[in-house]
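Take a look at the structure below.
Any read-out appearing in this document is the output of simple, stated calculations on the displayed coordinates, not a laboratory observation. Being a predicted model, the structure only gives us computed values, none of them experimental. Methodologically, a virtual Cβ is constructed for each residue, glycine included, from the backbone with ideal geometry; neighbour enumeration extends over all protein chains shown.
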Amino acid sequence: MSEKNKDQEIKQANRMRGKKHLKTTQEISQIVKDYYAQRDARDKSSGHKVAWCGIAVPKQPMQAMGVIAYYPEQYGTVVATRGDPFRFLRRAEEFGLTREMCGYARITTGYILEGLPEDAPLGGMPRPDMLIVTTAVCDTRVKWWELMGELLNVPVYIMEVPEMPPIGRKGATISGGDMETAGIQIGRKDAPHTTAFAGMNYAGYIKFLEEVCQKPMDHKRLIEINKSAARVSKIRREINEYRKSIPTPMGSADAFASMFPGMYMPGTPLADDFYTRLRAEVKERMEKRIGIVPEEKFRLVWSGIPFWYNMGLINYFEERNGVVVIDTAYGCAAQTSGHPHREPKKWGMNGMVASVVKAVVDYNCDGAILSYTPTCRALYVNQLETQNTLMEELGVPSLLLESDMVDPSSFNEAQTMSRIDAFIEVVEEKAKRREWLK
Amino acid sequence: MNDVMSRFKEVVENRHDWIRSYKAESGRKIAGYFCDYLPEEVLWAGGLVPVRITGGRGNVVAADRYLQSNVCSFARRCFDQALNGVYDYLDAVAIPHTCDVITKMYDLWAYRMPTPEFVHYFWLPHKVFTKDAVTVMLGEVKRLRSSLASHLGAEISDDALKEAIAVYNRSRNLLRKVYELRRSSPPLLSGEDAFAVSLSSVLMPKDLHSQWVEELLKELEGKPSPLADRPRVAVAASALDDLEIMRAVEEAGAWVVADDVCTGSRYFFDRVDESEPDPVKSLTRRYLEKLPCPRSVDSLTPRYDHLLGQAREYQAGGVIFYILRCCDAHLFQYPLLKDRLEKEGLRTLYLQGDQTVGVNEQIINRIKAFTEMLST
């Protein structure tokens with residue numbers, strides 16, 4: 001690609017930045033910057049170990065051990081939103097990772113192969129002492145983490161979490177807890193060995209941390225951090241509860257931006273303070289009936305990973321007086337579930353489908369945007385089934401939007417916008433006849 | 001082609017018709033399963049004939065409503081055929097958690113297919129070589145046994161399991177002998193023929209298959225090779241359920257003398273320990289410790305050792321990788337495996353696989369160029 005084309009692509013990426021509506025969420029950018037700038041992570045004499053860790057690995061044990069964690073998936077979003085993803089994507093491709101493979105993995109692999117350059121966005125992730133991932137969410141990460149382990153020559157721990165489908169052929173009923181983990185069900189009653197195995201893997205994770213850090217786990221500290229993290233979780237669920245209101249006081253444009261402290265630093269005073277203030281702001285907006293748009297005409301659910309280089313896409317619905325109210329990939333759990341006026345016949349065929357069906361009902365939505373990242377199997381293997389189930393059970397329309405989560409070259413702006421415009425017309429009609437408000 | 005070889009090929013080419021007729025004639029029940037990690041012996045002990053669910057080549061139309069094109073063409077083809085009624089002869093289906101996509105096959109089969117009544121999900125650990133994996137795998141082997149027994153309304157005894165293990169081990173020994181016929185130069189039989197024997201073993205009952213293999217061995221062993229000397233290669237592939245690639249390689253002028261394929265050596269190389277008194281334990285160990293699919297943790301070194309060992313033993317000068325588009329487990333491991341093999345002096349060729357199309361001219365030309373390179 002020529003330098004001119006590259007510049008244009010980067011400029012286009014900047015134009016596509018999302019707009020946040022709330023006051024508190026404006027702080028996020030600085031929080032992320034500060035996290036990457038932590039001196040202790042870059043100074044080996046600080047005594048702090050660094051882990052590169054997969055999303056859905058419990059953070060609290062690392063916090064208790066003083067391990068500073070960085071998240072390759074999250075770093076993929078940083079590169080996609082703040083820098084030049086092509087630099088690393090190209091390098092990974094030269095190595096042999098093809099374009100049909102996970103964009104996050106390609107960015108990180110390219111970053112490693114470039115030698116962890118300091119001029120990477122936000123200074124890059126500091127060199128790790130260990131790599132940790134879980135099999136929850138997707139199997140691909142197992143291979144990705146093993147590959148990073150080979151390239152970086154550091155120990156890898158893979159925490160296995162047996163995800164079991166519901167028993168028999170009936171639709172899954174999923175608990176609030178499962179909703180919080182994006183519908184993932186760990187173990188099953190008729191297979192207690194799978195639940196026990198998840199426990200063994202958690203114990204193995206603690207042991208691994210102790211070995212790499214060469215010190216025992218401070219269990220008292222871990223309990224305290226777990227308590228703080230549970231409090232942060234509770235606050236986040238309360239915020240999501242408020243988001244059910246019509247008009248919604250906070251949509252997904254702000255929610256995606258604000259997930260960083262909850263996902264990556266859950267047991268910290270900073271996260272607690274941030275979400276406490278965010279909850280107050282959301283509550284106030286709810287009480288004063290301040291919405292995201294002046295007149296909320298339709299409400300949508302977002303399922304799947306957003307296109308990080310184009311968060312402005314979520315704001316586009318607002319120009320048409322609609323709001324993306326809630327998303328299901330990053331934990332949309334509210335405190336209460338179900339809607340008294342409209343119970344679906346079944347919750348779909350597995351947790352991931354169910355989480356979208358449930359979000360549509362709980363949040364009074366009129367349609368769903370199903371992002372479809374062709375490089376991701378685990379999250380997207382369900383999307384067509386989600387689309388089918390939404391229509392069969394609720395008569396709710398949905399739109400599959402195709403693009404990679406971090407590779408802007410896969411995004412066709414004109415085609416996407418015209419499909420969105422057509423979809424909005426369908427949803428507006430649906431919203432006029434919204435059944436579950438009656 | 002001799003008579004017995006034509007029978008193996010008939011099973012491969014007309015697998016569904018063949019098993020339908022077999023079912024009608026024998027009255028035996030048929031169980032479908034995915035991948036090479038499911039302890040088939042349990043199904044056999046329950047009186048079922050296990051057959052691998054395969055995709056074959058062709059368009060995907062019906063399954064397009066459920067699976068996008070970023071799902072591997074093997075899975076899409078399998079489910080497409082299921083929706084078209086091709087698998088309506090199955091009396092049971094068992095699906096292991098090998099990768100995200102095969103796991104999804106369970107969801108789709110359980111919720112979208114009216115038959116069969118018995119659809120079982122088998123959770124398989126990734127860290128197959130660890131001590132902890134043994135406990136969870138034991139639990140899953142037991143659960144498969146008990147849920148099948150409860151479905152059948154009859155107990156599956158230890159003796160029945162031991163008998164099944166004996167039937168399967170016999171097949172494994174025989175298939176090894178067939179593969180070993182390619183040790184000599186020139187080989188005693190082609191790679192296409194050897195693979196047809198192995199592939200047919202997952203598509204028909206083991207007892208009958210072993211009888212046929214014995215006939216074949218009797219015909220071939222100790223005889224001079226009818227074949228000419230050619231460059232020799234190994235094939236490493238993700239799901240490979242037809243003869244197209246083996247045929248294309250050999251038509252291009254090489255012999256396929258070894259493989260790392262889940263319907264080939266990876267399927268039958270490892271035996272179950274018959275000296276272990278508890279058959280559930282011995283099955284558990286065998287299926288965890290077998291030659292791994294790349295989906296398993298720490299599978300790079302055993303796969304490398306296997307491929308390099310086979311290449312050395314069978315004098316292969318190159319390895320052809322045939323990896324289905326979107327098969328993440330293979331794709332992530334490929335750069336490292338290729339690099340290691342090349343460091344040992346082996347030449348490699350990467351071919352992108354797709355079961356919705358045939359082996360096209362472009363692939364054939366690349367194989368030809370590779371074969372020519374090996375001759376120099």
Problem - Theoretical FRET efficiency, 1/(1+(r/R0)^6), r = Cβ-Cβ of A:Asp190 and A:Glu150, R0 51 Å, to 0.05 - result: 0.85
Fill in the blank from the handout: So for R0 = 30 Å, FRET eff. of B:Glu117-B:Phe269 from the Cβ-Cβ r, to 0.05, ends up at 0.30
Exercise for the section: Could you check which residue among B:Ser157, B:Ser210, B:Ser21 shows the biggest mean-square fluctuation in a GNM of chain B with a 10 Å Cα cutoff? Expected result: B:Ser21
Completion exercise
Taking Lys and Arg as +1 and Asp and Glu as -1, residues besides A:Lys19 with C-beta under 11 Å from its C-beta add up to -1
Completion exercise
Nearest 10, in degrees from 0 to 90: the angle of helix A:252-264 to the longest Cα principal axis of chain A is 30 degrees
Fill in the blank from the handout: In Å³ per residue, the alpha-carbon convex hull of region B:138-271 encloses 121 Å³
Practice task
Work out which GluC sites (Glu not before Pro) in chain A are exposed loop sites (DSSP not H, G, I, E or B, at most 10 other Cβ within 10 Å) and give the longest gap free of them.
Solution key: A:119-294
Handout entry: Spherically averaged projected area in nm², based on the convex hull that wraps the Cα atoms of the protein assembly as shown
Key = 34.9 nm²
Exercise for the section: Find the relative contact order for chain A and round it to a whole percent, using C-alpha pairs within less than 8 Å whose residues are 6+ positions apart. Expected result: 19 percent
Problem - Between helix B:361-375 and chain B: long-axis angle, C-alpha atoms, 0 to 90°, nearest 10 - result: 60 degrees
Practice task
Return the percentage of antiparallel bridges among DSSP beta bridges fully within chain A, rounded to the nearest 5 %.
Solution key: 10 percent
Handout entry: Dipole axis of region B:226-354 (+1 Lys, Arg; -1 Asp, Glu on Cβ), positive-most option in B:Val249, B:Tyr334, B:Val272
Key = B:Tyr334
Problem - On Cα atoms only, tilt of B:15-26 relative to the major axis of chain B in degrees - result: 40 degrees
Problem - Residue with peak Gaussian network fluctuation, chain A [Cα springs, cutoff 10 Å], from A:Ala196, A:Ala368, A:Ala359 - result: A:Ala196
Completion exercise
Mean other chain Cβ within 10 Å across A:198-204 is 2
Exercise for the section: Determine the sum of side-chain charges near B:Gly58: Lys and Arg each +1, Asp and Glu each -1, restricted to other residues whose C-beta is under 10 angstrom from that of B:Gly58. Expected result: +1
Exercise for the section: Return the calculated 222 nm mean residue ellipticity for chain A, to the nearest 500 deg cm²/dmol, obtained by summing -39500 (n - 2.57) across DSSP H runs with n ≥ 4 and dividing by the residue count. Expected result: -15000 deg cm²/dmol
Practice task
Let me have the relative contact order for region B:1-136, percent, based on Cα pairs under 8 Å that are six or more residues apart.
Solution key: 21 percent
Handout entry: For region A:70-119, size of Cβ-based charge dipole, Lys and Arg +1, Asp and Glu -1, in debye
Key = 100 debye
Exercise for the section: Any chance you could list the semi-axes, whole Å, largest first, of the equivalent ellipsoid that the Cα gyration tensor gives for region B:254-376, using √(5λ)? Expected result: 29, 17, 14
Handout entry: Simple spin-label estimate for A:Lys19 and A:Asp273 in nanometres, 7 Å along Cα-Cβ
Key = 3.0 nm
Handout entry: Within straight-line cross-link reach of A:Lys20, aspartates and glutamates at Cα separation under 13 Å, skipping those fewer than 8 residues along the same chain
Key = A:Asp254, A:Glu318
Exercise for the section: Select from B:His209, B:His151, B:His97 the residue whose mean-square fluctuation is largest in a Gaussian network model of chain B (Cα-Cα springs shorter than 10 Å). Expected result: B:His151
Completion exercise
Flagged as over-length at 18 Å C-alpha distance, from A:Lys220/B:Lys131; A:Lys215/B:Lys127; B:Lys177/B:Lys206, the pairs are A:Lys220/B:Lys131; A:Lys215/B:Lys127
Handout entry: FRET efficiency estimate (nearest 0.05) - Cβ-Cβ, B:Ala24 to A:Glu93, R0 51 angstrom
Key = 0.45
